[in-house]
Amino acid sequence: MLFMIIEHFTNAPAVYARLAEGGRLAPAGLTSWECEDRSLLEDWMRNWADLVRFEVVPIIASAEAAVVQRDDHTGASA
């Protein structure tokens, strides 16, 4: 599943210092905000929770959205 992550830094200098020291601190299996297990995303956000407030928005592909919209309007189930 894909996610859009909106990051709100509470202390930008500290965020960039930690990033320089340890990288993104993302667990294995979490790449470019795509993962099959949402708990990986939650693990990553916990690593930064003291410095960053997160908004997480699940993303679906255009083709999938079209199917959902079509089914919503026709009463079919996906």
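Structure values in brief
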read-out	value
VAL52 long-range amide H proximity, modeled H, under 5 Å	THR10
Three-way shape label, region 18-57, alpha-carbon gyration tensor, a/c 1.5	oblate
Residue order, fewest to most surrounding Cβ atoms within 10 angstrom, among MET45, MET1	MET1, MET45
Qualifying chymotrypsin sites (Phe, Trp or Tyr not before Pro) for the chain [loop in DSSP, other Cβ within 10 Å: at most 16]	TRP33
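Here, each number is a calculation from the coordinates, and none is a lab measurement. Bear in mind that the values here come from a model prediction, so they are computed numbers and not experimental data. No Cβ is skipped: glycine too gets one built from the backbone with ideal geometry, and neighbour counts run over all protein chains shown.
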